[in-house]
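The values are calculated or read from the model by the stated rules, or taken from the named source; none is laboratory data. Predicted model, so just to flag it, every value in this text is computed and none were measured. So basically every Cβ, Gly included, is an ideal-geometry build from the backbone, and we count neighbours across all protein chains shown.
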Amino acid sequence: MAAEHNAVLLIAYGSPNRLDEVEAYFTDIRGGRRPSREAVDELTERYRQVGVPTPLLAVSSELGRKLERLLNADSPDGAIYTVHLGMKHWTPRIASAVHEAVDAGADRLLAIVLAPHYSTISTEGYRRQVEAALATHPKDGSGPLALDFIESWHALDGYVQALAENVRATRAEFTRPEEVVAVFTAHSLPARILDQGDPYQDQLLETSELVARRAGVEQWRWSYQSQSHTGEPWLGPDLPDTVEALAAEGHRSILVCSVGFLADHLEIFYDIDIEAQARARALGVELRRTSMLNADPRLALALYDLVSERVQSLSGVPADH
């Protein structure tokens with residue numbers, strides 16, 4: 001009997017590799033509708049300031065390689081694992097990664113979005129692309145490959161632990177660690193999702209509470225970042241406004257931990273390191289952020305636990321941890 005082949009699909013948002021790709025990338029985000037010249041110029045300037053390519057593709061690829069090694073080094077039932085990377089809005093595309101997994105002879109596809117929190121707007125967009133790719137590329141003519149789409153992993157122990165360790169390490173860098181206020185952040189989304197019962201905000205707050213408790217942080221706030229200008233209200237408060245509010249309350253030491261992002265990319269380098277940092281300096285506030293997990297071995301191990309437990313559950317085998 002042939003060993004079971006489990007393909008793991010890691011999915012990320014995507015990022016342009018060169019400045020001359022920004023317009024096409026932005027158009028892809030907008031579903032094929034070309035943005036205005038002013039909007040393209042603004043986004044291009046942000047990428048120029050942070051540098052392209054951002055580390056997103058490189059660290060996501062390295063994370064996948066580490067995860068694949070872990071899975072194949074400890075496969076008690078002899079199962080084979082391959083890890084594939086697909087981007088929602090740039091290359092390598094989700095469809096290409098799915099087709100690669102099918103052509104490799106996978107028996108099952110486990111899809112993990114490299115954003116731990118579920119929302120109908122973002123997560124379901126990833127799912128639709130995966131399902132469309134499977135529908136158009138059947139396995140050996142026998143229909144779509146079996147899909148296990150992991151919707152969220154916002155309370156995954158290894159992920160929470162790694163964030164808590166990073167918070168403790170960054171807090172220790174301040175002159176007066178006991179005075180530090182932690183601000184946890186994630187990408188903002190249109191506020192209408194709350195009226196629709198979307199769990200995004202609740203999951204984000206749960207993660208933040210878990211990290212704060214484990215890191216021993218008593219003073220913390222929640223804030224969003226990376227709002228888009230779409231003509232409708234977005235979730236807030238925005239990070240620079242939170243920095244200003246804390247400064248008005250007399251706080252002078254702010255630690256930012258972005259629980260909604262895993263990798264160094266535009267939303268980290270620009271929104272936190274440039275925009276929020278500039279507001280903090282103008283207010284006489286010391287602002288530091290935690291390191292992103294990127295391809296950290298702790299994150300690879302956390303995802304290994306996630307995949308292992310999921311496969312055991314699907315196979316009817318009790319988890320051993």
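Among the residues of the stretch 69-101, which ones are under 26 Å from Asp28 (Cα atoms), surrounded by fewer than 20 Cβ atoms within 10 Å (Cβ to Cβ) and not basic (Lys, Arg)? Lay out the reasoning, then the answer.
Of the residues in the stretch 69-101, the ones under 26 Å from Asp28 (Cα atoms) are 83-101.
Checking which are surrounded by fewer than 20 Cβ atoms within 10 Å (Cβ to Cβ) leaves us with 88, 91-93, 95-96, 99-100.
Answer for the stretch 69-101, where residues must be under 26 Å from Asp28 (Cα atoms), surrounded by fewer than 20 Cβ atoms within 10 Å (Cβ to Cβ) and not basic (Lys, Arg): Thr91, Pro92, Ala95, Ser96, His99, Glu100.
Considering Arg33, Arg37, Arg46, which residue is among the charged types (D, E, K, R) and touching a residue at least 60 places away in the same chain (Cβ under 8 Å)?
Working: Arg33 fails: touching a residue at least 60 places away in the same chain (Cβ under 8 Å); Arg37 fails: touching a residue at least 60 places away in the same chain (Cβ under 8 Å).
Among Arg33, Arg37, Arg46, only Arg46 is among the charged types (D, E, K, R) and touching a residue at least 60 places away in the same chain (Cβ under 8 Å).
Would you call Ala300 touching a residue at least 24 places away in the same chain (Cβ under 8 Å) and buried (at least 21 other Cβ atoms within 10 Å of the Cβ)? Break it down stepwise before answering.
Working: touching a residue at least 24 places away in the same chain (Cβ under 8 Å): yes; buried (at least 21 other Cβ atoms within 10 Å of the Cβ): yes.
So Ala300 passes the test.
In the stretch 107-202, which helices (runs of 4 or more DSSP H) lie fully inside it and hold 3 or more residues that are more than 21 Å from Ser258 (Cα to Cα) and touching a helix residue (DSSP H, G or I) at 6+ places or on another chain (Cβ under 7 Å)?
Result: 123-136.
Scan the stretch 131-175 residue by residue and report those that are within 17 Å of the chain's Cα centre (by Cα) and either under 24 Å from Asp103 (Cβ atoms) or among the basic types (Lys, Arg) (or both).
Filtering the stretch 131-175 down to residues within 17 Å of the chain's Cα centre (by Cα) leaves 149-164, 166.
Once the filter is applied, which keeps residues that are within 17 Å of the chain's Cα centre (by Cα) and either under 24 Å from Asp103 (Cβ atoms) or among the basic types (Lys, Arg) (or both), the stretch 131-175 yields Phe149, Ile150.
Kindly indicate which of Glu165, Glu178 is free of Cβ contacts under 8 Å to residues at least 24 places away in the same chain and assigned by TED's automatic domain parsing to the domain that holds Gly260. Write out each step before concluding.
Numbers: Glu165 fails: free of Cβ contacts under 8 Å to residues at least 24 places away in the same chain.
From the options Glu165, Glu178, the qualifying one is Glu178.
Can we say Ala104 is within 17 Å of Gly64 (Cα to Cα), modelled with pLDDT under 95 and among the hydrophobic types (A, V, I, L, M, F, W, C)? First the steps, then the outcome.
Values: within 17 Å of Gly64 (Cα to Cα): yes; modelled with pLDDT under 95: yes; among the hydrophobic types (A, V, I, L, M, F, W, C): yes.
So Ala104 fits the description; yes.
Where residues in the stretch 75-93 are in a loop (DSSP other than H, G, I, E, B) and modelled with pLDDT of 95 or more, which of them is nearest to Glu4 (Cα to Cα)?
Pass one, the stretch 75-93, residues in a loop (DSSP other than H, G, I, E, B): 75-79, 88-92.
Now narrow it down to the ones that are modelled with pLDDT of 95 or more: 88-92.
Working: Lys88: 28, His89: 31, Trp90: 31, Thr91: 29, Pro92: 26 Å.
So the residue we want is Pro92.
Out of the stretch 203-229, which residues are surrounded by fewer than 17 Cβ atoms within 10 Å (Cβ to Cβ) and part of a helix (DSSP H, G or I)?
Listed by number, the residues that qualify are Leu205, Glu206, Glu209, Arg213, Arg214.
A quick yes/no check of all residues on (1) under 18 Å from the mean Cα position of the chain (by Cα); (2) assigned to a loop (DSSP other than H, G, I, E, B):
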| site | (1), (2) |
| --- | --- |
| Gly231 | no, yes |
| Gly236 | no, yes |
| Asp241 | no, no |
| Asp264 | yes, yes |
| Ile268 | yes, no |
| Asp273 | yes, no |
| Ala276 | no, no |
| Arg281 | no, no |
| Arg288 | no, no |
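Examine the stretch 238-251 for a residue that is surrounded by fewer than 23 Cβ atoms within 10 Å (Cβ to Cβ) and touching a Phe, Trp or Tyr at 6+ places or on another chain (Cβ under 7 Å), and state whether such a residue exists. Steps first, please.
Taking the stretch 238-251 and keeping what is surrounded by fewer than 23 Cβ atoms within 10 Å (Cβ to Cβ), we get 238, 240-241, 244-251.
Within this subset, residues satisfying the condition of being touching a Phe, Trp or Tyr at 6+ places or on another chain (Cβ under 7 Å) are 238.
Yes.
A quick yes/no check of all residues on (1) within 26 Å of Glu244 (Cβ to Cβ); (2) touching a His at 6+ places or on another chain (Cβ under 7 Å); (3) not hydroxyl-bearing (Ser, Thr, Tyr):
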{"residue": "Ile121", "(1), (2), (3)": "no, no, yes"}
{"residue": "Ala132", "(1), (2), (3)": "no, no, yes"}
{"residue": "Ala135", "(1), (2), (3)": "no, no, yes"}
{"residue": "Ile150", "(1), (2), (3)": "no, no, yes"}
{"residue": "Gln161", "(1), (2), (3)": "no, no, yes"}
{"residue": "Thr175", "(1), (2), (3)": "yes, no, no"}
{"residue": "Pro190", "(1), (2), (3)": "yes, no, yes"}
{"residue": "Gln196", "(1), (2), (3)": "no, no, yes"}
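Any residue at all in the stretch 303-317 that is buried (at least 16 other Cβ atoms within 10 Å of the Cβ), outside any strand (DSSP E or B), at pLDDT below 95 and of a type in the set (Val, Ile, Thr)?
Yes, the conditions are met somewhere in the stretch 303-317.
Return the residues of the stretch 122-142 that are of a type in the set (A, V, I, L, M, F, W, C) and surrounded by fewer than 14 Cβ atoms within 10 Å (Cβ to Cβ); say none if nothing qualifies. Show your work before the answer.
Pass one, the stretch 122-142, residues of a type in the set (A, V, I, L, M, F, W, C): 130, 132-135.
The answer is Ala132, Ala135.
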